[in-house]
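Novice: Next up is a structure, given as structure tokens.
The values are calculated or read from the model by the stated rules, or taken from the named source; none is laboratory data. Owing to the predicted nature of the structure, the values given are computational and were not obtained by experimental measurement. Cβ atoms come from the backbone with ideal geometry, glycine included; neighbour counts cover every protein chain shown.
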Amino acid sequence: MQLEPIKDTDYLQELIDDGYTIEGPRNNTSRDLAAVKAFIRKGLVFSPEEWLASQEYQFIEPNTFTKGFRIAYKLIDGFPDELFKSNYSLLKKSSGIPLYLKVEVKEAKE
């Protein structure tokens with residue numbers, strides 16, 4: 001099964017039914033799954049690292065410039081599309097796939 005960005009809870013449930021689990025900061029699968037579902041309902045999209053690599057995203061390792069986050073980026077029409085590694089991963093048979101979230105750029109108020 002080729003993983004795709006997780007945009008809705010139905011697709012997330014398909015992954016769960018296929019044997020994936022969510023691993024996160026709570027170290028409690030059901031609570032981490034509930035948190036990811038809540039984020040998705042709010043409109044956030046979780047992108048698996050292997051999907052980003054297949055779409056030719058580049059990765060920057062955590063450093064002081066990235067405030068300790070691992071960043072995935074790709075230039076699209078001259079503008080960077082950036083995602084940061086979240087605290088969540090898809091786990092299947094003890095193999096974890098990090099999930100990335102879109103970097104939200106807040107516009108400065110005048």
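Novice: Here's a check for you: in region 15-26, which residue that is within 13 Å of LEU90 (Cα to Cα) and assigned to a loop (DSSP other than H, G, I, E, B) is nearest to the chain's Cα centre (by Cα)? Give the derivation first.
Specialist: In the first step, residues of region 15-26 are kept if they are within 13 Å of LEU90 (Cα to Cα); the result is 15-25.
Now restrict to residues that are assigned to a loop (DSSP other than H, G, I, E, B): 18-20, 24-25.
Working: ASP18: 18, GLY19: 18, TYR20: 15, GLY24: 11, PRO25: 14 Å.
Only one residue fits best here, namely GLY24.
Quick grid of which residues meet (1) surrounded by 11 or more Cβ atoms within 10 Å (Cβ to Cβ); (2) farther than 16 Å from GLY24 by Cα; (3) in contact with a His (Cβ under 6 Å, 6 or more places away or on another chain); (4) of a type in the set (Ser, Thr, Tyr):
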| position | (1), (2), (3), (4) |
| --- | --- |
| ALA35 | yes, no, no, no |
| ALA38 | yes, no, no, no |
| ARG41 | no, yes, no, no |
| GLN55 | yes, yes, no, no |
| ASN63 | yes, yes, no, no |
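Quick grid of which residues meet (1) in a strand (DSSP E or B); (2) basic (Lys, Arg); (3) under 13 Å from the mean Cα position of the chain (by Cα); (4) closer than 25 Å to LEU15 by Cβ:
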{"position": "ARG31", "(1), (2), (3), (4)": "no, yes, no, yes"}
{"position": "ALA38", "(1), (2), (3), (4)": "no, no, no, yes"}
{"position": "SER47", "(1), (2), (3), (4)": "yes, no, yes, yes"}
{"position": "PHE69", "(1), (2), (3), (4)": "no, no, yes, yes"}
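Novice: Has region 76-89 got any residue that is in contact with a helix residue (DSSP H, G or I) (Cβ under 7 Å, 6 or more places away or on another chain), of a type outside the set (A, V, I, L, M) and surrounded by 11 or more Cβ atoms within 10 Å (Cβ to Cβ)?
Specialist: yes
Novice: Tally the residues that are modelled with pLDDT of 95 or more and polar (S, T, N, Q), restricting the search to region 22-53.
Specialist: 1
Novice: For region 13-26, give me each residue that is under 15 Å from PRO98 (Cα atoms) and out of contact with any Asp or Glu (no Cβ under 8 Å at 6 or more places or on another chain).
Specialist: Quick first cut of region 13-26, residues under 15 Å from PRO98 (Cα atoms) only: 15, 20-25.
The answer is LEU15, TYR20, THR21.
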